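Worksheet: the structure to be examined is printed underneath.
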Amino acid sequence: SDVCSSDLIGFAERVDFRKYYGIARFDPRPKNNKWIRQVGMQVFPEFFFDWQNHQVGHNLQFQLLDLNFHSGDSVSVRVTPTFDHLQTDFRIGGGITLPVGTEYNFTRYNYNVSFANQRKISGSANYGNGTFYSGRRRDIAGTVNLRPRRGILATLTASFNKVDLPQGHFSSKILRGVINTQLNPFISISNNVQYDSVSRVLGWQYRFRWIVQPGNDIYVVWLNNWQDTGPELTMLDRSAAVKAVYTYGF
């Protein structure tokens, strides 16, 4: 799967394997600390084997710091050494394909800051860096949440990643905006707009939900996709769907 695939599409990172994993976590709570609520550390190893019991990969995730404040804000630092034995050709992006049978050891570093969402303005920032297969990769992402008044939440998200390999270089950008409106406890409207620089597709999804009564819902969904050709946007497809959910108790 392409490393720059949109998060709205999704993909399977690995198939046809055995997986062994474990988690060890330590979460002390400082006594009578004015600012810090909890300090967390975690080890999360994952090992992947094929059906002949040959190791084809592992991720050793070390959460060096997971710091939570009484305000609801948090800071985290994570290091992930990774091993990957490619069982098929891997189209990594930018027209670059890594050949089957090659093995890679690389380490990623991730830093995250999140601000509590009870505020009218909140969000998060994430920075990732380190080696990546035969080269290096850098990721920057940020989210801003706006709550101008009760019943309205607007979320703006931007993510950028840049990959430098001996085989070539490429980058991607994803921009996303979501506005959720709760008209009353039973009726809500959601608008989701996303653009990514790889497919150059601009998508808009409108969803209306009416809870007739708990367990009985009506949905109306409207989808639009446009192709960015450079000078203008060209309509790719447009669709609408209506869904009704009825629950009968007995």
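Observations, loosely collected:
- Residue among ASP164, ASP217 that is of a type outside the set (A, V, I, L, M, F, W, C), within 30 Å of THR102 (Cα to Cα) and not in a loop (DSSP other than H, G, I, E, B): ASP164
- Condition check for GLY130 on (1) at pLDDT below 95; (2) on the phi > 0 side of the Ramachandran plot; (3) buried (at least 16 other Cβ atoms within 10 Å of the Cβ): one failure, at (1).
- Test: ARG136 is under 30 Å from GLN63 (Cα atoms), open to solvent by 40 Å² or more (accessible area, probe 1.4 Å) and basic (Lys, Arg): yes
- Of the strands (runs of 3 or more DSSP E) contained entirely in segment 1-89, those carrying at least 3 residues that are of a type in the set (Phe, Trp, Tyr), crowded, with 16+ Cβ neighbours inside 10 Å and at pLDDT 90 or above fall at 36-49.
The values are calculated or read from the model by the stated rules, or taken from the named source; none is laboratory data. Just so it is clear, the structure is predicted and the values come from calculations on it, not from any experiment. Neighbour counts are summed over all protein chains in view; Cβ atoms, including those assigned to glycine, are modelled from backbone coordinates with ideal geometry. Heavy atoms of the whole protein, side chains included, go into the accessibility calculation; ligands, DNA and RNA do not. Shrake-Rupley method; radii C 1.70, N 1.55, O 1.52, S 1.80 Å.
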